[in-house]
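Here the structure comes first, spelled out in structure tokens, and everything after it is commentary.
The values are calculated or read from the model by the stated rules, or taken from the named source; none is laboratory data. As the structure is a prediction and not an experimental result, all values here were calculated from the model. With ideal geometry, Cβ positions are generated from the backbone for all residues, glycine too; neighbour counts draw on all protein chains shown. Heavy atoms of the whole protein, side chains included, go into the accessibility calculation; ligands, DNA and RNA do not. Shrake-Rupley method; radii C 1.70, N 1.55, O 1.52, S 1.80 Å.
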Amino acid sequence: VQLQASGGGLVQAGGSLKLTCIISGGTGSTNAVGWFRQAAGKEREFVGCMHWSGGRTVYVDAVKGRFTISRDYFKDTVFLEMNALKPEDTATYYCATSTLSGRTYYWEVDYDTWGQGTQVTVSS
């Protein structure tokens with residue numbers, strides 16, 4: 001399985017971006033898809049995830065109501081739609097997939113495949 005994240009860019013505060021994560025190699029063993037971000041000088045942090053079976057989503061409090069994870073099930077593609085962006089959302093965003101079961105999928109260790117990251121910069 002390989003992941004390709006795209007869609008990052010420079011946007012003004014209050015604007016929107018939609019990130020795309022294309023999953024190559026099939027999702028037959030996928031239990032969850034997560035989005036993480038890493039700001040300069042900080043550790044990578046959980047943004048949200050989608051449980052592949054059923055599509056249930058979970059978000060970190062900082063993005064609830066502003067970010068939405070969705071998918072095109074038949075194209076093995078997951079999206080992270082980001083609205084009302086704030087300068088503190090500036091980071092490199094990563095998508096990841098997990099074949100592990102029985103996890104919360106809130107932690108990096110819950111995932112076994114990572115994409116290359118896409119930069120999101122929000123100007124004030």
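Listing for the model above:
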| item | result |
| --- | --- |
| Fully extended contour minus Cα-Cα distance, from residue 86 to residue 104, at 0.36 nm per residue | 3.8 nm |
| 30 Å Cα-Cα reach of residue 42 towards lysines, excluding residues that sit fewer than 8 places from it in its own chain | 18, 64, 86 |
| Rg(Cα)/(2.2 N^0.38 Å) for the chain, N = residue count | 0.98 |
| Computed E for residue 112/residue 45 - FRET, C-beta separation, R0 25 angstrom, nearest 0.05 | 0.85 |
| Solvent-accessible area per residue, Å², over the chain with all protein chains present [probe radius 1.4 Å] | 51 Å² |
| Protection-proxy order for peptides 31-37, 45-51, 66-72, 83-89, each taking the mean of Cβ atoms within 10 Å per residue, highest first | 31-37, 45-51, 66-72, 83-89 |
| Under the Karplus curve 6.51 cos²θ - 1.76 cosθ + 1.60, θ = phi - 60°, whole-Hz ³J(HN,Hα) for the range 89-94, x wherever Gly or Pro sits | 7, 4, 4, 8, 9, 10 |
| Residue among 104, 82, 121 farthest towards the positive dipole end of the range 66-124, charges placed on Cβ | 82 |
| Apportionment of accessible area to carbon and sulfur, the range 1-109, percent (1.4 Å) | 48 percent |
